[in-house]
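The block underneath contains the structure these notes are about, expressed in C-alpha coordinates.
The values are calculated or read from the model by the stated rules, or taken from the named source; none is laboratory data. Worth saying up front: this structure is predicted, and the values here are computed from it rather than measured. All Cβ positions, glycine included, derive from the backbone under ideal geometry; neighbour counts span all protein chains shown.
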Amino acid sequence: MAGRDSWNMISNSSCSQQTKFNLVQVKGTWTRQVEQRQVEEGRLSDAKIYENKSEQGVSWTVVSPIVFTYRVIQCKNILDPSNDTLLWGHIGDEALKGALSNSKPVKRFVVIDETVSELYGSQLTRYFEARDVVCKILPLPTTEENKCMELVTKILEEVHQFGLDRRSEPIIAIGGGMCLDVVGLAASLYRRRTPYIRVPTTFLAYIDASVGAKTGVNFAGGKNKLGSYVPPMATFLDCSFFRTLPPRQISNGMAEMLKMALMKHRGLFELLESEGSMLLNTKLQSCETSGSSESEDSATASMRIAIETMLEELAPNLWEDDLDRLVDFGHLVSPELEMRVLPALLHGEAVNIDMSFMVYVAHQRGLLTADEKNRIIRCMLGLGLPVWHQDCTLALVQKSLKERLKHSAGSLRMPLPTGLGSAEIFHDMIEDDILCKAYKTWTDELSSTGNK
Ligand SMILES: NC(=O)c1ccc[n+]([C@@H]2O[C@H](COP(=O)([O-])OP(=O)(O)OC[C@H]3O[C@@H](n4cnc5c(N)ncnc54)[C@H](O)[C@@H]3O)[C@@H](O)[C@H]2O)c1
(Lines give C-alpha, C1' and ligand atoms only; values in the text may rest on other atoms or scores of the structure.)
Protein backbone atom coordinates (compact mmCIF):
# COMPACT_ATOMS: atom_id res chain seq x y z
CA MET A 1 0.00 0.00 0.00
CA ALA A 2 1.21 3.49 -0.80
CA GLY A 3 0.91 4.72 2.79
CA ARG A 4 2.98 1.89 4.16
CA ASP A 5 5.67 2.33 1.48
CA SER A 6 5.91 6.01 2.28
CA TRP A 7 6.23 5.19 5.94
CA ASN A 8 9.17 2.89 5.25
CA MET A 9 10.77 5.52 3.09
CA ILE A 10 10.50 8.09 5.85
CA SER A 11 11.81 5.81 8.55
CA ASN A 12 14.82 4.93 6.44
CA SER A 13 15.55 8.47 5.43
CA SER A 14 18.65 10.10 6.87
CA CYS A 15 17.77 13.57 5.57
CA SER A 16 18.57 16.10 8.32
CA GLN A 17 16.03 18.61 7.08
CA GLN A 18 13.04 16.50 7.64
CA THR A 19 10.22 17.81 9.83
CA LYS A 20 7.32 15.75 11.08
CA PHE A 21 3.99 17.46 11.56
CA ASN A 22 0.88 16.47 13.45
CA LEU A 23 -2.45 17.60 12.11
CA VAL A 24 -4.76 19.31 14.55
CA GLN A 25 -8.30 20.52 13.93
CA VAL A 26 -9.58 23.57 15.77
CA LYS A 27 -13.07 24.91 14.98
CA GLY A 28 -13.25 23.06 11.68
CA THR A 29 -9.82 24.05 10.40
CA TRP A 30 -6.91 21.63 10.18
CA THR A 31 -3.41 22.95 10.73
CA ARG A 32 0.06 21.43 10.88
CA GLN A 33 1.91 21.47 14.18
CA VAL A 34 5.48 20.36 14.58
CA GLU A 35 5.31 16.99 16.31
CA GLN A 36 7.34 17.89 19.38
CA ARG A 37 4.84 20.61 20.31
CA GLN A 38 2.25 19.71 22.91
CA VAL A 39 -1.25 19.67 21.36
CA GLU A 40 -3.17 21.99 23.64
CA GLU A 41 -6.48 22.34 21.89
CA GLY A 42 -8.41 20.58 19.17
CA ARG A 43 -8.63 17.16 17.57
CA LEU A 44 -5.43 15.28 16.75
CA SER A 45 -5.48 13.24 13.54
CA ASP A 46 -3.68 9.93 13.11
CA ALA A 47 -2.35 11.34 9.84
CA LYS A 48 1.10 12.94 9.64
CA ILE A 49 2.83 15.15 7.15
CA TYR A 50 6.58 14.88 6.67
CA GLU A 51 8.32 17.81 5.07
CA ASN A 52 11.72 17.45 3.44
CA LYS A 53 13.73 20.46 2.39
CA SER A 54 16.63 20.04 0.01
CA GLU A 55 18.46 22.07 -2.58
CA GLN A 56 15.92 20.95 -5.19
CA GLY A 57 12.99 22.33 -3.21
CA VAL A 58 10.43 21.02 -0.76
CA SER A 59 8.65 17.66 -0.79
CA TRP A 60 5.80 16.51 1.41
CA THR A 61 4.91 12.97 2.31
CA VAL A 62 1.48 12.24 3.68
CA VAL A 63 0.94 9.21 5.91
CA SER A 64 -2.74 8.72 6.44
CA PRO A 65 -3.85 5.48 8.13
CA ILE A 66 -7.17 4.22 6.84
CA VAL A 67 -9.22 2.11 9.21
CA PHE A 68 -11.98 -0.17 8.00
CA THR A 69 -14.44 -1.66 10.44
CA TYR A 70 -16.76 -4.42 9.33
CA ARG A 71 -18.99 -6.91 11.05
CA VAL A 72 -19.39 -10.60 10.30
CA ILE A 73 -22.63 -11.82 11.82
CA GLN A 74 -24.13 -15.28 11.93
CA CYS A 75 -27.91 -15.26 11.96
CA LYS A 76 -30.92 -17.45 11.33
CA ASN A 77 -33.87 -16.87 9.02
CA ILE A 78 -32.54 -13.66 7.57
CA LEU A 79 -35.55 -13.32 5.26
CA ASP A 80 -38.09 -13.60 8.06
CA PRO A 81 -39.77 -10.17 8.30
CA SER A 82 -39.38 -10.22 12.09
CA ASN A 83 -35.60 -10.41 11.67
CA ASP A 84 -33.88 -7.01 11.70
CA THR A 85 -30.50 -8.19 10.47
CA LEU A 86 -30.82 -7.57 6.74
CA LEU A 87 -31.90 -3.96 7.30
CA TRP A 88 -29.99 -2.91 10.38
CA GLY A 89 -27.44 -5.60 11.29
CA HIS A 90 -24.61 -3.47 9.90
CA ILE A 91 -25.14 -0.83 12.57
CA GLY A 92 -23.64 -1.56 15.98
CA ASP A 93 -24.94 1.57 17.65
CA GLU A 94 -28.49 0.92 18.94
CA ALA A 95 -29.41 4.62 19.14
CA LEU A 96 -28.38 5.21 15.53
CA LYS A 97 -30.22 2.07 14.46
CA GLY A 98 -33.39 3.40 16.09
CA ALA A 99 -33.01 6.82 14.50
CA LEU A 100 -32.42 5.42 11.02
CA SER A 101 -35.23 2.86 11.17
CA ASN A 102 -37.66 5.62 12.15
CA SER A 103 -36.66 7.90 9.30
CA LYS A 104 -38.84 7.13 6.30
CA PRO A 105 -38.71 5.93 3.68
CA VAL A 106 -36.06 3.24 4.14
CA LYS A 107 -34.46 2.40 0.77
CA ARG A 108 -32.38 -0.56 -0.30
CA PHE A 109 -30.80 -1.59 -3.59
CA VAL A 110 -30.27 -5.35 -3.83
CA VAL A 111 -28.31 -7.31 -6.40
CA ILE A 112 -29.18 -10.98 -6.31
CA ASP A 113 -27.83 -13.96 -8.22
CA GLU A 114 -30.46 -15.04 -10.80
CA THR A 115 -30.76 -18.61 -9.48
CA VAL A 116 -30.97 -17.39 -5.90
CA SER A 117 -33.66 -14.98 -7.01
CA GLU A 118 -35.69 -17.85 -8.47
CA LEU A 119 -35.42 -19.68 -5.15
CA TYR A 120 -35.71 -16.85 -2.64
CA GLY A 121 -36.84 -13.80 -4.63
CA SER A 122 -40.49 -13.90 -3.54
CA GLN A 123 -39.44 -14.30 0.12
CA LEU A 124 -37.16 -11.29 -0.28
CA THR A 125 -39.91 -9.21 -1.85
CA ARG A 126 -42.28 -10.18 0.98
CA TYR A 127 -39.60 -9.20 3.52
CA PHE A 128 -39.22 -5.70 2.09
CA GLU A 129 -42.98 -5.27 1.69
CA ALA A 130 -43.56 -6.27 5.30
CA ARG A 131 -40.86 -3.83 6.42
CA ASP A 132 -42.20 -1.01 4.27
CA VAL A 133 -38.93 -0.62 2.39
CA VAL A 134 -38.61 1.08 -0.98
CA CYS A 135 -36.42 -1.33 -2.85
CA LYS A 136 -34.99 -2.25 -6.20
CA ILE A 137 -34.10 -5.91 -6.61
CA LEU A 138 -31.80 -6.61 -9.52
CA PRO A 139 -31.35 -10.30 -10.44
CA LEU A 140 -28.20 -10.93 -12.45
CA PRO A 141 -26.69 -14.00 -14.13
CA THR A 142 -23.50 -13.97 -12.09
CA THR A 143 -21.48 -16.81 -13.57
CA GLU A 144 -17.69 -17.11 -13.84
CA GLU A 145 -17.91 -16.69 -17.64
CA ASN A 146 -19.56 -13.29 -17.35
CA LYS A 147 -17.75 -12.08 -14.24
CA CYS A 148 -16.60 -8.96 -16.06
CA MET A 149 -16.74 -5.17 -16.14
CA GLU A 150 -19.97 -5.16 -18.21
CA LEU A 151 -21.78 -6.62 -15.22
CA VAL A 152 -20.25 -3.98 -12.95
CA THR A 153 -21.36 -1.21 -15.33
CA LYS A 154 -24.87 -2.66 -15.48
CA ILE A 155 -25.10 -2.55 -11.67
CA LEU A 156 -23.73 1.00 -11.57
CA GLU A 157 -26.28 2.24 -14.11
CA GLU A 158 -29.14 0.74 -12.11
CA VAL A 159 -27.81 2.07 -8.79
CA HIS A 160 -27.46 5.50 -10.31
CA GLN A 161 -31.03 5.44 -11.64
CA PHE A 162 -32.42 4.26 -8.29
CA GLY A 163 -30.56 6.86 -6.27
CA LEU A 164 -29.01 6.09 -2.90
CA ASP A 165 -27.95 7.98 0.18
CA ARG A 166 -24.49 6.54 0.52
CA ARG A 167 -24.28 7.29 4.22
CA SER A 168 -27.32 5.29 5.23
CA GLU A 169 -28.40 3.03 2.36
CA PRO A 170 -25.84 0.30 1.70
CA ILE A 171 -26.07 -1.79 -1.45
CA ILE A 172 -26.91 -5.40 -0.62
CA ALA A 173 -25.43 -8.37 -2.52
CA ILE A 174 -27.13 -11.74 -2.14
CA GLY A 175 -25.57 -14.73 -3.86
CA GLY A 176 -22.42 -16.78 -4.26
CA GLY A 177 -18.84 -15.48 -4.33
CA MET A 178 -19.31 -14.38 -7.91
CA CYS A 179 -22.17 -12.05 -7.09
CA LEU A 180 -20.43 -10.74 -3.96
CA ASP A 181 -17.19 -10.01 -5.84
CA VAL A 182 -18.91 -8.14 -8.67
CA VAL A 183 -21.20 -6.10 -6.43
CA GLY A 184 -18.30 -5.31 -4.12
CA LEU A 185 -16.34 -3.89 -7.04
CA ALA A 186 -19.32 -1.86 -8.25
CA ALA A 187 -19.85 -0.47 -4.73
CA SER A 188 -16.18 0.39 -4.37
CA LEU A 189 -16.41 2.43 -7.59
CA TYR A 190 -19.74 4.18 -7.13
CA ARG A 191 -19.11 7.69 -5.87
CA ARG A 192 -15.60 6.45 -5.03
CA ARG A 193 -16.90 4.09 -2.33
CA THR A 194 -20.43 3.25 -1.40
CA PRO A 195 -20.99 0.96 1.59
CA TYR A 196 -22.25 -2.51 0.79
CA ILE A 197 -23.40 -5.67 2.54
CA ARG A 198 -22.70 -9.28 1.66
CA VAL A 199 -25.18 -12.08 2.13
CA PRO A 200 -23.48 -15.26 0.92
CA THR A 201 -25.74 -18.06 -0.27
CA THR A 202 -23.12 -20.66 -1.18
CA PHE A 203 -20.98 -22.50 1.32
CA LEU A 204 -17.80 -21.32 -0.37
CA ALA A 205 -18.85 -17.70 -0.16
CA TYR A 206 -19.96 -18.15 3.46
CA ILE A 207 -16.55 -19.19 4.73
CA ASP A 208 -14.28 -17.45 2.25
CA ALA A 209 -15.43 -14.86 -0.28
CA SER A 210 -17.63 -12.96 2.16
CA VAL A 211 -15.32 -12.48 5.13
CA GLY A 212 -12.43 -10.55 3.56
CA ALA A 213 -11.94 -7.31 1.68
CA LYS A 214 -11.39 -8.39 -1.90
CA THR A 215 -13.68 -7.61 -4.80
CA GLY A 216 -13.03 -8.37 -8.43
CA VAL A 217 -13.88 -9.37 -11.97
CA ASN A 218 -11.99 -11.32 -14.61
CA PHE A 219 -10.10 -9.33 -17.22
CA ALA A 220 -7.90 -10.06 -20.24
CA GLY A 221 -8.27 -13.79 -19.65
CA GLY A 222 -7.01 -13.47 -16.07
CA LYS A 223 -8.97 -14.36 -12.96
CA ASN A 224 -9.92 -11.38 -10.80
CA LYS A 225 -7.44 -9.17 -12.66
CA LEU A 226 -9.50 -6.06 -11.88
CA GLY A 227 -10.62 -5.44 -8.35
CA SER A 228 -10.25 -3.54 -5.13
CA TYR A 229 -9.60 -4.11 -1.46
CA VAL A 230 -12.76 -2.67 0.03
CA PRO A 231 -14.51 -4.71 2.72
CA PRO A 232 -18.27 -4.64 3.13
CA MET A 233 -19.87 -2.81 6.03
CA ALA A 234 -21.15 -6.17 7.13
CA THR A 235 -21.54 -9.78 6.14
CA PHE A 236 -24.63 -11.68 7.24
CA LEU A 237 -24.18 -15.42 7.41
CA ASP A 238 -27.29 -17.60 7.20
CA CYS A 239 -26.44 -21.23 6.50
CA SER A 240 -30.05 -22.17 5.74
CA PHE A 241 -29.40 -21.03 2.14
CA PHE A 242 -27.26 -24.19 1.74
CA ARG A 243 -30.39 -26.36 1.75
CA THR A 244 -30.98 -25.59 -1.92
CA LEU A 245 -27.35 -26.04 -2.98
CA PRO A 246 -26.42 -29.06 -5.10
CA PRO A 247 -23.99 -31.44 -3.29
CA ARG A 248 -21.18 -30.42 -5.63
CA GLN A 249 -21.43 -26.85 -4.34
CA ILE A 250 -21.12 -28.06 -0.75
CA SER A 251 -17.95 -29.99 -1.67
CA ASN A 252 -16.72 -26.85 -3.40
CA GLY A 253 -16.88 -24.90 -0.13
CA MET A 254 -15.32 -27.79 1.76
CA ALA A 255 -12.09 -27.19 -0.19
CA GLU A 256 -11.63 -23.73 1.36
CA MET A 257 -12.52 -25.08 4.78
CA LEU A 258 -9.98 -27.88 4.37
CA LYS A 259 -7.41 -25.28 3.36
CA MET A 260 -7.75 -23.54 6.73
CA ALA A 261 -7.66 -26.90 8.50
CA LEU A 262 -4.45 -27.97 6.76
CA MET A 263 -2.73 -24.65 7.28
CA LYS A 264 -3.70 -23.90 10.88
CA HIS A 265 -6.05 -26.20 12.70
CA ARG A 266 -5.48 -29.88 13.32
CA GLY A 267 -8.79 -30.16 15.20
CA LEU A 268 -10.69 -28.94 12.15
CA PHE A 269 -8.80 -31.40 9.95
CA GLU A 270 -9.71 -34.29 12.25
CA LEU A 271 -13.31 -33.15 12.31
CA LEU A 272 -13.44 -33.08 8.51
CA GLU A 273 -11.68 -36.43 8.36
CA SER A 274 -14.17 -38.14 10.64
CA GLU A 275 -17.38 -36.24 9.92
CA GLY A 276 -16.86 -34.74 6.48
CA SER A 277 -19.28 -37.08 4.73
CA MET A 278 -21.97 -36.43 7.33
CA LEU A 279 -21.47 -32.67 6.93
CA LEU A 280 -21.82 -33.08 3.16
CA ASN A 281 -24.96 -35.16 3.43
CA THR A 282 -26.67 -32.82 5.89
CA LYS A 283 -25.49 -29.72 4.01
CA LEU A 284 -24.26 -28.39 7.35
CA GLN A 285 -27.83 -27.91 8.47
CA SER A 286 -27.48 -29.00 12.05
CA CYS A 287 -25.83 -25.72 12.88
CA GLU A 288 -26.68 -23.69 15.95
CA THR A 289 -25.97 -19.99 16.26
CA SER A 290 -26.23 -19.81 20.03
CA GLY A 291 -22.52 -19.09 20.34
CA SER A 292 -22.26 -21.53 23.22
CA SER A 293 -19.34 -23.81 22.52
CA GLU A 294 -20.70 -26.51 24.87
CA SER A 295 -23.74 -27.15 22.71
CA GLU A 296 -21.84 -26.82 19.46
CA ASP A 297 -22.39 -29.55 16.89
CA SER A 298 -19.81 -30.37 14.24
CA ALA A 299 -21.41 -28.24 11.52
CA THR A 300 -21.43 -25.18 13.76
CA ALA A 301 -17.94 -25.88 15.05
CA SER A 302 -16.45 -26.40 11.59
CA MET A 303 -17.92 -23.15 10.24
CA ARG A 304 -16.89 -21.18 13.31
CA ILE A 305 -13.31 -22.43 13.18
CA ALA A 306 -13.08 -21.85 9.44
CA ILE A 307 -14.23 -18.24 9.82
CA GLU A 308 -12.13 -17.53 12.92
CA THR A 309 -8.96 -18.87 11.33
CA MET A 310 -9.71 -17.01 8.11
CA LEU A 311 -10.31 -13.71 9.95
CA GLU A 312 -7.09 -14.21 11.92
CA GLU A 313 -5.15 -14.36 8.67
CA LEU A 314 -7.06 -11.62 6.84
CA ALA A 315 -7.59 -8.90 9.47
CA PRO A 316 -3.90 -7.99 9.96
CA ASN A 317 -3.28 -8.11 6.22
CA LEU A 318 -6.49 -6.85 4.62
CA TRP A 319 -4.64 -5.15 1.79
CA GLU A 320 -2.23 -8.01 1.26
CA ASP A 321 0.80 -5.79 1.87
CA ASP A 322 2.44 -8.83 3.33
CA LEU A 323 2.76 -11.34 0.52
CA ASP A 324 3.47 -14.22 2.94
CA ARG A 325 -0.08 -15.49 3.12
CA LEU A 326 -1.10 -18.91 4.39
CA VAL A 327 -4.51 -18.44 2.76
CA ASP A 328 -2.77 -18.61 -0.63
CA PHE A 329 -2.38 -22.35 -0.16
CA GLY A 330 -4.18 -23.94 -3.10
CA HIS A 331 -4.11 -20.66 -5.01
CA LEU A 332 -0.76 -20.83 -6.79
CA VAL A 333 -1.62 -23.14 -9.68
CA SER A 334 -5.42 -23.15 -9.44
CA PRO A 335 -6.20 -19.73 -11.01
CA GLU A 336 -4.46 -20.77 -14.24
CA LEU A 337 -6.08 -24.21 -14.16
CA GLU A 338 -9.54 -22.86 -13.38
CA MET A 339 -9.43 -20.34 -16.23
CA ARG A 340 -7.97 -22.86 -18.67
CA VAL A 341 -10.74 -25.43 -18.22
CA LEU A 342 -13.60 -22.99 -17.53
CA PRO A 343 -16.37 -23.97 -16.73
CA ALA A 344 -15.32 -27.57 -16.06
CA LEU A 345 -13.97 -26.92 -12.55
CA LEU A 346 -15.53 -24.92 -9.76
CA HIS A 347 -13.25 -22.58 -7.80
CA GLY A 348 -12.94 -24.88 -4.79
CA GLU A 349 -12.35 -27.90 -7.01
CA ALA A 350 -9.44 -26.18 -8.76
CA VAL A 351 -8.11 -25.10 -5.35
CA ASN A 352 -8.30 -28.67 -4.11
CA ILE A 353 -6.39 -30.05 -7.11
CA ASP A 354 -3.68 -27.46 -6.41
CA MET A 355 -3.64 -28.41 -2.69
CA SER A 356 -3.51 -32.10 -3.54
CA PHE A 357 -0.44 -31.57 -5.72
CA MET A 358 1.22 -29.38 -3.09
CA VAL A 359 0.68 -32.09 -0.50
CA TYR A 360 2.81 -34.32 -2.73
CA VAL A 361 5.42 -31.56 -3.00
CA ALA A 362 5.42 -31.25 0.81
CA HIS A 363 5.84 -35.02 1.11
CA GLN A 364 8.67 -35.02 -1.44
CA ARG A 365 10.39 -32.29 0.56
CA GLY A 366 10.12 -34.34 3.72
CA LEU A 367 7.59 -32.02 5.36
CA LEU A 368 4.79 -34.59 5.52
CA THR A 369 5.01 -38.31 6.23
CA ALA A 370 3.47 -40.77 3.77
CA ASP A 371 0.76 -41.46 6.33
CA GLU A 372 -0.10 -37.76 6.67
CA LYS A 373 -0.15 -37.35 2.89
CA ASN A 374 -2.48 -40.32 2.49
CA ARG A 375 -4.79 -39.13 5.26
CA ILE A 376 -5.13 -35.73 3.59
CA ILE A 377 -5.92 -37.26 0.18
CA ARG A 378 -8.46 -39.66 1.72
CA CYS A 379 -10.08 -36.73 3.50
CA MET A 380 -10.29 -34.77 0.23
CA LEU A 381 -11.94 -37.72 -1.52
CA GLY A 382 -14.33 -38.12 1.40
CA LEU A 383 -15.37 -34.50 0.92
CA GLY A 384 -16.27 -35.26 -2.70
CA LEU A 385 -13.38 -33.24 -4.10
CA PRO A 386 -11.22 -33.96 -7.17
CA VAL A 387 -7.57 -34.62 -6.29
CA TRP A 388 -6.09 -34.75 -9.79
CA HIS A 389 -6.85 -33.28 -13.22
CA GLN A 390 -5.38 -34.08 -16.61
CA ASP A 391 -5.11 -30.39 -17.51
CA CYS A 392 -3.01 -29.71 -14.44
CA THR A 393 0.14 -30.57 -16.36
CA LEU A 394 3.71 -30.19 -15.16
CA ALA A 395 4.13 -27.38 -17.70
CA LEU A 396 1.13 -25.55 -16.21
CA VAL A 397 2.52 -26.00 -12.69
CA GLN A 398 5.93 -24.67 -13.74
CA LYS A 399 4.40 -21.72 -15.57
CA SER A 400 2.20 -20.83 -12.59
CA LEU A 401 5.13 -20.95 -10.18
CA LYS A 402 7.22 -18.74 -12.47
CA GLU A 403 4.34 -16.25 -12.64
CA ARG A 404 4.10 -16.32 -8.87
CA LEU A 405 7.81 -15.60 -8.59
CA LYS A 406 7.41 -12.64 -10.94
CA HIS A 407 4.58 -11.10 -8.95
CA SER A 408 5.82 -11.82 -5.42
CA ALA A 409 8.78 -9.50 -5.12
CA GLY A 410 11.30 -12.10 -6.28
CA SER A 411 10.40 -14.79 -3.76
CA LEU A 412 8.05 -17.74 -4.23
CA ARG A 413 6.26 -17.31 -0.87
CA MET A 414 4.72 -20.69 -1.10
CA PRO A 415 2.65 -21.99 1.82
CA LEU A 416 3.14 -25.72 2.39
CA PRO A 417 1.81 -28.01 5.12
CA THR A 418 4.44 -29.14 7.60
CA GLY A 419 2.08 -31.47 9.44
CA LEU A 420 -1.67 -31.87 9.90
CA GLY A 421 -2.79 -28.37 10.80
CA SER A 422 0.53 -26.55 10.61
CA ALA A 423 2.30 -24.82 7.76
CA GLU A 424 5.18 -22.61 6.75
CA ILE A 425 5.86 -20.20 3.94
CA PHE A 426 8.76 -21.26 1.70
CA HIS A 427 10.59 -18.60 -0.23
CA ASP A 428 12.89 -20.46 -2.59
CA MET A 429 11.81 -21.86 -5.92
CA ILE A 430 11.20 -25.60 -5.63
CA GLU A 431 14.08 -27.56 -7.11
CA ASP A 432 13.13 -29.00 -10.49
CA ASP A 433 13.82 -32.58 -9.51
CA ILE A 434 11.55 -32.32 -6.43
CA LEU A 435 8.81 -30.82 -8.56
CA CYS A 436 9.14 -33.49 -11.24
CA LYS A 437 9.27 -36.35 -8.73
CA ALA A 438 6.27 -34.99 -6.84
CA TYR A 439 4.36 -34.55 -10.08
CA LYS A 440 5.14 -38.10 -11.21
CA THR A 441 4.11 -39.69 -7.89
CA TRP A 442 0.99 -37.51 -7.79
CA THR A 443 -0.02 -38.63 -11.26
CA ASP A 444 0.93 -42.29 -10.69
CA GLU A 445 -1.07 -42.48 -7.47
CA LEU A 446 -4.06 -40.30 -8.26
CA SER A 447 -4.72 -40.14 -12.02
CA SER A 448 -7.02 -43.15 -11.72
CA THR A 449 -9.36 -41.04 -9.55
CA GLY A 450 -10.22 -39.34 -12.87
CA ASN A 451 -11.46 -35.89 -13.75
CA LYS A 452 -14.68 -34.36 -12.58
N1 LIG B 1 -13.34 -12.19 -2.71
C2 LIG B 1 -12.77 -13.27 -2.23
O3 LIG B 1 -12.00 -13.20 -1.27
C4 LIG B 1 -13.06 -14.61 -2.84
C5 LIG B 1 -12.68 -15.77 -2.18
C6 LIG B 1 -13.00 -17.00 -2.76
C7 LIG B 1 -13.69 -17.03 -3.96
N8 LIG B 1 -14.03 -15.87 -4.59
C9 LIG B 1 -14.75 -15.88 -5.86
O10 LIG B 1 -16.00 -16.51 -5.65
C11 LIG B 1 -16.42 -17.11 -6.87
C12 LIG B 1 -16.95 -18.47 -6.58
O13 LIG B 1 -18.00 -18.36 -5.67
P14 LIG B 1 -19.10 -19.51 -5.52
O15 LIG B 1 -18.40 -20.81 -5.40
O16 LIG B 1 -19.98 -19.08 -4.43
O17 LIG B 1 -19.79 -19.55 -6.96
P18 LIG B 1 -21.01 -18.79 -7.62
O19 LIG B 1 -21.21 -17.45 -7.06
O20 LIG B 1 -20.78 -18.89 -9.08
O21 LIG B 1 -22.26 -19.70 -7.22
C22 LIG B 1 -22.29 -21.05 -7.61
C23 LIG B 1 -23.64 -21.47 -8.18
O24 LIG B 1 -24.56 -21.66 -7.13
C25 LIG B 1 -25.77 -20.97 -7.39
N26 LIG B 1 -26.33 -20.65 -6.09
C27 LIG B 1 -25.90 -19.70 -5.22
N28 LIG B 1 -26.55 -19.81 -4.07
C29 LIG B 1 -27.42 -20.82 -4.18
C30 LIG B 1 -28.35 -21.42 -3.31
N31 LIG B 1 -28.49 -21.03 -2.04
N32 LIG B 1 -29.09 -22.47 -3.75
C33 LIG B 1 -28.90 -22.93 -5.03
N34 LIG B 1 -28.03 -22.41 -5.90
C35 LIG B 1 -27.28 -21.38 -5.48
C36 LIG B 1 -25.37 -19.83 -8.28
O37 LIG B 1 -26.43 -19.42 -9.11
C38 LIG B 1 -24.26 -20.46 -9.12
O39 LIG B 1 -24.81 -21.15 -10.19
C40 LIG B 1 -15.23 -17.11 -7.80
O41 LIG B 1 -15.44 -16.14 -8.79
C42 LIG B 1 -14.06 -16.72 -6.91
O43 LIG B 1 -13.10 -15.97 -7.59
C44 LIG B 1 -13.73 -14.67 -4.05
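At a glance:
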item: Hits in segment 217-232 (condition: over 20 Å from Pro316 (Cβ atoms), in contact (Cβ under 8 Å) with a residue 24 or more places away in the chain and more than 10 Å from the ligand (Cβ to nearest atom)); result: Phe219, Gly221, Gly222, Leu226
item: Residues that are within 23 Å of the chain's Cα centre (by Cα) and of a type in the set (A, V, I, L, M, F, W, C), drawn from segment 145-177; result: Cys148, Met149, Leu151, Val152, Ile155, Leu156, Ile171, Ile172, Ala173, Ile174
item: Residue list for segment 109-153, restricted to those being β-branched (Val, Ile, Thr) and outside any strand (DSSP E or B); result: Thr115, Val116, Thr125, Thr142, Thr143, Val152, Thr153
item: Scan of segment 152-176 for residues that are modelled with pLDDT of 95 or more and touching a Ser or Thr at 6+ places or on another chain (Cβ under 7 Å), ordered by number; result: Ile171, Ile174, Gly175, Gly176
item: Candidates Glu403, Glu431 - the one that is among the charged types (D, E, K, R) and over 19 Å from Ala350 (Cβ atoms); result: Glu431
item: Odd one out for Gly98 among (1) surrounded by 19 or more Cβ atoms within 10 Å (Cβ to Cβ); (2) part of a helix (DSSP H, G or I); result: (1)
item: Among the candidates Thr115, Thr142, residue that is within 21 Å of Ser210 (Cβ to Cβ), within 16 Å of the ligand (Cβ to nearest atom) and under 20 Å from the mean Cα position of the chain (by Cα); result: Thr142
item: Helices (runs of 4 or more DSSP H) lying entirely in segment 331-430 (those with 3 or more residues that are closer than 27 Å to Leu280 by Cβ and not hydrophobic (A, V, I, L, M, F, W, C)); result: 334-341, 347-364, 370-382
item: Residue match in segment 250-268 (condition: in contact (Cβ under 8 Å) with a residue 40 or more places away in the chain, crowded, with 18+ Cβ neighbours inside 10 Å and over 27 Å from Glu424 (Cα atoms)); result: yes
item: Check on Leu381, farther than 21 Å from Leu342 by Cβ, touching a residue at least 60 places away in the same chain (Cβ under 8 Å) and under 23 Å from the mean Cα position of the chain (by Cα); result: no
item: Hits in segment 184-204 (condition: among the charged types (D, E, K, R) and part of a loop (DSSP other than H, G, I, E, B)); result: Arg193
item: Number of positions in segment 184-209 that are over 19 Å from Leu138 (Cα atoms), within 9 Å of the ligand (Cβ to nearest atom) and without any contact (Cβ under 8 Å) to a residue 60 or more places away in the chain; result: 2
item: Exclusive hit being crowded, with 19+ Cβ neighbours inside 10 Å and under 24 Å from Glu313 (Cα atoms), set Met414, Met429; result: Met414
item: Residues of segment 154-183 classified as part of a helix (DSSP H, G or I) and in contact (Cβ under 8 Å) with a residue 24 or more places away in the chain, total; result: 13
